[in-house]
Amino acid sequence: MGTGPASLCGPVGREGRGQGRQLTKRAGGADVGPFTASYAFPTPFSWTNQSSLATIVRANGVTINWTGGDPAGYVTIAGQSTLAGATAATTATVSFTCTARVSDGTFTVPPVVLLAMPPTAAAPGATFATPGTLSVTHIGTTVTQINATGIEIGGIGSVFAFGNSATYQ
């Protein structure tokens, strides 16, 4: 093994799909040995109104809806917008992060937060505007430890991440 940490990249194989206990097997490689583990996958998390949120009217707030996920977990909602000035000194980027319980199924980012974001606009002299971003992430609360040669500690968990370009008006 090299001087850096051992790595095991890429998706692990699963027998079966969707929610429930799944058997995960990995053959291993040059740095990490083989392992088998059983992990309880949560109901798949889905951002259900993602396609309708390409344009956000800041004064109205924005409501995010979702289904699934680990009911004991949390959802992170984040956005970013940049007001491009003529120079770096006159350019400002503003972002927000909100957290909600998965079991809520919905969260509204209030206007007071969104009005602090600069509206999407073209930079001076540009003919186009660079959009901002809106993202929704859910990380499951359970992790199954894996044991394999070549690593001190390893785990299997679930992460669901979605992102959009967003025009903030």
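Values in this text are rule-based calculations from the coordinates and carry no lab data. None of the values given here were measured: they were computed from a predicted structure. Quick reminder, even Gly has a Cβ in these numbers, built from the backbone with ideal geometry, and neighbours come from all protein chains shown.
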For region 65-116 and region 21-61, what is the centre-to-centre distance using only Cα atoms, to the nearest Å?
19 Å
Within region 130-169, which residues have the backbone N less than 18 Å from the label spot 7 Å out from Lys25 along Cα→beta-carbon, could you tell me?
146-149
Quick one: Debye curve from the C-alpha atoms of the chain, no solvent, what's log10 I(q)/I(0) at q = 0.11, 0.16 Å⁻¹?
-0.64, -0.93
Helix-only CD estimate at 222 nm, as mean residue ellipticity for the chain, using -39500 (n - 2.57) per DSSP H run (n ≥ 4):
-500 deg cm²/dmol
Treating only the Cβ of Lys, Arg, Asp and Glu as charged (+1, +1, -1, -1), what charge dipole size does the chain show about its Cα centre? Round to the nearest 20 debye.
220 debye
Quick one: net charge of Thr76's neighbours, Cβ under 14 Å, K/R +1, D/E -1?
-1
Rounded to a whole number, what is D in µm²/s for region 64-125 from Stokes-Einstein with the Kirkwood radius over alpha-carbon pairs (10 °C, 1.306 mPa s)?
117 µm²/s
